[in-house]
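Engineer: Before anything else, here's the structure in question.
The values are calculated or read from the model by the stated rules, or taken from the named source; none is laboratory data. Here the structure is a predicted model, which is why all the values come from computation and not from measurement. In this analysis, Cβ positions are derived from the backbone assuming ideal geometry, glycine residues included, and neighbour counts consider all displayed protein chains.
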């Protein structure tokens, strides 16, 4: 597996608490200079040791405006899955669609769809033909997004290959609504927005009225930071345990690898390493990023033009180099 080993992703952070190493404000100017040079980068905010050390808006909306975070929504759905497991609404990540939400499976689906597990959905290893990329338009124009996603041909055995697909995450969102009896917006506001003290506006719904589970959510930069800080602090914000420590730790274990970026992938998080320093990324179209680096007690949020591509070989690659070659070294200094 690329990058992070299967040891605990968060294990190094506690040992460093006694040795403060927050960089000086002037040190962060190199990060500002590089980020400003990316013409689709809108803003960058960095927290270290729980304190804001950098906040710059280069272009685009104001820092307090909720903006589309695109596929960072998938990481939010993964967090809500952890919240459902913490509450006993889903027994384990091994629970299958056939066991917990058989009503969602269309009659024309491949028989093996019933055996797709929650973990398969969270790690993009459902095995179904992708709804992202060139298939996205056809999928969102279908009459039933869940049925369409689950009726696609099986192109890999579940649990064997990462096939990045918004439809897979949307199915997971539909499962969460099914087991909780609440829509995804209510779950997001109650289980994340309220404890994180951040607004979560309503977003796109499918033809059945289900909120899109994997795209089009919106957060402010502070909301992005608070979400990252909650994961960095083992599921806690201040004195509230929002997600269990076990869930956060499980989320950071690489289960598969992206064919596009080469990064590992856990439960909604891309996982990488630079100079023996592990980091985790929530990534959205156009260059929306939440990054946590527990070893350095660091959380980073980046917003970008949501209408432009950010490929691993292009702007997203630039953002990875910004994190690895500038943010991490400055945070270490």
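Engineer: Going by what's in this entry, would residue 12 be described as assigned to a helix (DSSP H, G or I), within 24 Å of residue 252 (Cα to Cα), at pLDDT below 95 and in contact with a helix residue (DSSP H, G or I) (Cβ under 8 Å, 6 or more places away or on another chain)?
Structural biologist: yes
Engineer: Name every residue in segment 95-118 that is surrounded by fewer than 19 Cβ atoms within 10 Å (Cβ to Cβ) and outside any helix (DSSP H, G or I), in order of residue number.
Structural biologist: Scanning segment 95-118 gives 95, 96, 106, 107, 108, 110.
Engineer: Another question about this same structure. Do you know which residues across segment 59-81 are surrounded by 16 or more Cβ atoms within 10 Å (Cβ to Cβ) and farther than 29 Å from residue 245 by Cβ?
Structural biologist: Matches in segment 59-81: 60, 63, 67, 68.
Engineer: Could you list all residues from segment 120-138 that are part of a helix (DSSP H, G or I) and surrounded by fewer than 19 Cβ atoms within 10 Å (Cβ to Cβ)?
Structural biologist: 133, 134, 135, 136, 137, 138
Engineer: I need a count of the residues in segment 33-49 that are in a strand (DSSP E or B) and in contact with a helix residue (DSSP H, G or I) (Cβ under 8 Å, 6 or more places away or on another chain).
Structural biologist: Total meeting the criteria: 7.
Engineer: Now a separate question. Looking at the structure I just gave you, is residue 68 in contact with a strand residue (DSSP E or B) (Cβ under 6 Å, 6 or more places away or on another chain) and in contact (Cβ under 8 Å) with a residue 24 or more places away in the chain?
Structural biologist: yes
Engineer: Let me ask something else about it. Of all residues being within 17 Å of the chain's Cα centre (by Cα) and more than 25 Å from residue 230 (Cα to Cα) in segment 298-316, which is surrounded by the fewest Cβ atoms within 10 Å (Cβ to Cβ)? Just the residue, please.
Structural biologist: Only one residue tops the list, namely 311.
Condition check ((1) touching a helix residue (DSSP H, G or I) at 6+ places or on another chain (Cβ under 9 Å); (2) surrounded by fewer than 24 Cβ atoms within 10 Å (Cβ to Cβ)) across all residues:
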position: 194; (1), (2): no, yes
position: 199; (1), (2): yes, yes
position: 219; (1), (2): yes, no
position: 234; (1), (2): yes, yes
position: 245; (1), (2): no, yes
position: 276; (1), (2): yes, yes
